[in-house]
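The values are calculated or read from the model by the stated rules, or taken from the named source; none is laboratory data. All of these numbers come straight from a predicted model, not from anything done at the bench. Neighbour counts are summed over all protein chains in view; Cβ atoms, including those assigned to glycine, are modelled from backbone coordinates with ideal geometry. Surface areas here come from the heavy atoms of the whole protein model, side chains and all, with no ligands, DNA or RNA. Shrake-Rupley method; radii C 1.70, N 1.55, O 1.52, S 1.80 Å.
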Amino acid sequence: MALSNSELRQLDLLKKKSPSKRFAFMLQLIEGQLEAIKAGIRYRNPKISNEELKKCLKERMLKIYSWKH
């Protein structure tokens, strides 16, 4: 599967960044993913408590990433 010009430009920009900047960018992406998952859970369960949200998020992450607990 070939990369598009846009994807190639993005890779070039990332390669030019320091490892610490790339790591920080990765953390931002993960945080955004977690927020999107939490928003989806809240959308489907508007009255969910924070504790129940944490439980649902943990279950979702275990399922998505096949994590063992």
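If you roll a 1.4 Å probe over the chain with all protein chains in place, what percent of the accessible area is carbon or sulfur?
Values: 3730 of 6280 Å².
Of all accessible area on the chain, carbon and sulfur atoms account for 59 percent.
Ignoring ligands, DNA and RNA, what accessible area per residue does the chain give at 1.4 Å, in Å²? Could the numbers behind the result be given before it?
Numbers: 6280 Å² over 69 residues.
On a per-residue basis, 91 Å².
Of the chain, which part is the longest with no trypsin sites (Lys or Arg not before Pro) in a loop (DSSP not H, G, I, E, B) and with at most 10 other C-beta atoms within 10 angstrom?
Details: sites that count: Lys47, Lys68.
The segment 1-46 is the longest one with no such site.
Please report, in whole Å³, the volume per residue of the convex hull around the C-alpha atoms of the chain. Show your work: numbers first, answer last.
Working: hull volume 10.3 nm³, N = 69.
Enclosed volume per residue, from the Cα hull, is 149 Å³.
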